[in-house]
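Participant: Encoded as structure tokens, here's the structure I'll be asking about.
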Amino acid sequence: MRQMRKDLSLSQQELALMLSISRSAISMYEKGLRPLPAKAGKIWAEMILLWQRQQRLTEPPRHLERNLLIAQQQQSLSLLNLHLQRAAARSISITQQLTGMEQQYRCQVRKLHFIKGVMQEAKQGSREMEFLKNREQQTLIGLAACCPQRRQLLAFKLQVLRSQQKAALAGKVIVQQQG
């Protein structure tokens with residue numbers, strides 16, 4: 001049984017599931033410690049007969065091979081479509097984030113420039129100056145959140161996603177040409 005199971009590329013667990021018995025029962029049977037239950041023995045005998053018939057065929061029937069190839073092609077196309085959709089959705093999200101960061105950066109730069117101008121007119125030590133310094137710090141924090149380095153990182157992620165989209169499209173073309 002062990003050699004036949006290996007010829008079929010089945011694990012003990014897989015064969016046990018097919019025969020509706022436990023994996024340990026398969027193990028004990030292969031070691032000669034226990035006989036197979038009658039029902040499992042009948043299924044096993046049918047599997048052996050089927051395997052022997054298939055071994056006599058030099059090639060699997062063409063329609064089976066063609067059906068398998070079509071199923072594999074459809075599965076590949078579905079997977080490539082999924083990758084394409086995910087990359088496209090993520091690209092849209094990152095493009096929106098990048099646009100928002102660029103707008104926020106421009107707004108924060110204008111705000112900082114305005115605050116600095118007002119600070120030149122304010123008296124040192126006044127409440128107004130303290131308020132302006134506080135606003136300046138908050139604006140600098142806002143600028144850090146959308147600094148050029150962060151925008152460059154998002155732009156890089158966007159390029160990677162676009163490359164993934166191109167790769168998925170190229171993969172689809174290859175799979176479709178093979179069909």
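Participant: Got the relative contact order for the chain handy, in percent, Cα pairs under 8 Å and 6 or more residues apart? Numbers along the way, then the final one.
Facilitator: Values: 98 pairs, mean separation 43.7, N = 179.
Relative contact order for the chain comes out at 24 percent.
Participant: Between Arg110 and Ser24, what is the label-to-label distance in nm when each label sits 7 Å out along the Cα-to-Cβ direction?
Facilitator: Once both label points are built, they end up 7.6 nm from each other.
Participant: Okay, moving on. Would you mind calculating the gained length between Glu121 and Thr95 on full extension (0.36 nm times residue separation, minus the Cα-Cα distance), in nm to one decimal?
Facilitator: Stretched out fully, the Glu121 to Thr95 stretch lengthens by 5.4 nm.
Participant: Find the centroid of the Cα atoms in the stretch 130-159 and in the stretch 1-68, then give the distance between the two in whole Å.
Facilitator: Here the answer is 65 Å between Cα centres.
Participant: Let me ask something else about it. Return the loop-located trypsin sites (Lys or Arg not before Pro) in the stretch 1-100 (DSSP other than H, G, I, E, B) with at most 13 other Cβ atoms within 10 Å of their own Cβ; answer none if there are none. Please list the in-between numbers first.
Facilitator: On the way: sites: Arg2, Arg5, Lys6, Arg23, Lys31, Lys39, Lys42, Arg53, Arg56, Arg62, Arg66, Arg86, Arg90; in loops: Lys31.
In loop regions of the stretch 1-100 (DSSP not H, G, I, E or B), the sparsely surrounded trypsin sites (Lys or Arg not before Pro) are Lys31.
Participant: Please report, in cubic angstrom per residue, the volume enclosed by the convex hull of the alpha-carbon atoms of the stretch 103-179. Kindly include the intermediate steps, with their values, before the conclusion.
Facilitator: Working: hull volume 5.4 nm³, N = 77.
Value for the stretch 103-179: 71 Å³ per residue.
Participant: While we're on this one: To the nearest 0.05, what FRET efficiency results for Gln159 and Arg135 with a Förster distance of 45 Å applied to their C-beta separation? Could you put the intermediate results ahead of the total?
Facilitator: Working: r = 36 Å, r/R0 = 0.80.
So, using R0 = 45 Å, E works out to roughly 0.80.
Participant: Okay, moving on. Excluding residues fewer than 8 places away in the same chain, name every one of the aspartates and glutamates whose C-alpha is closer than 13 Å to that of Lys116.
Facilitator: Those aspartates and glutamates meeting the cut-off are Glu128, Glu130, Glu136.
Participant: Please list, or write none, the lysines whose alpha carbon is within less than 23 Å of the alpha carbon of Lys157, excluding same-chain residues fewer than 8 places away.
Facilitator: Lys166, Lys172
Participant: Per the Cauchy relation, a quarter of the hull surface: what is the mean projected area of the convex hull of the alpha carbons in the stretch 2-56, in nm²? Provide the component values of the computation, followed by the final result.
Facilitator: On the way: hull surface 13.9 nm².
Taking the Cα atoms of the stretch 2-56, their convex hull projects to 3.5 nm² on average.
Participant: Still on this structure: When the helix-only estimate is applied to the chain (DSSP H runs of n ≥ 4, each -39,500 (n - 2.57), divided by the residue count), what is the mean residue ellipticity at 222 nm, nearest 500 deg cm²/dmol?
Facilitator: Details: 7 runs with 151 residues, N = 179.
Estimated from H runs of four or more residues: -29500 deg cm²/dmol.
Participant: Could you pull out the chymotrypsin sites (Phe, Trp or Tyr not before Pro) across the stretch 36-105 that fall in loop regions by DSSP (anything but H, G, I, E, B) with no more than 14 other Cβ atoms inside 10 Å? Spell out each step's value before the answer.
Facilitator: On the way: sites: Trp44, Trp51, Tyr105; in loops: none.
Taking the stretch 36-105 and a limit of 14 other Cβ atoms within 10 Å, no loop chymotrypsin sites (Phe, Trp or Tyr not before Pro) are found.
Participant: Right, here's the next one. Restricting things to alpha carbons, tell me how big the stretch 1-131 is in terms of Rg and Dmax, in Å.
Facilitator: Rg, Dmax (Cα atoms, Å): 35.5, 100.
Participant: Treat each spin label as a single point 7 Å out from the Cα along the C-beta direction, and report the Arg86 to Ile48 distance in nm.
Facilitator: 4.6 nm
Here, each number is a calculation from the coordinates, and none is a lab measurement. Worth saying up front: this structure is predicted, and the values here are computed from it rather than measured. When we count neighbours, we look across all protein chains shown, and the Cβ atoms used for this are built from the backbone with ideal geometry, even at glycine.
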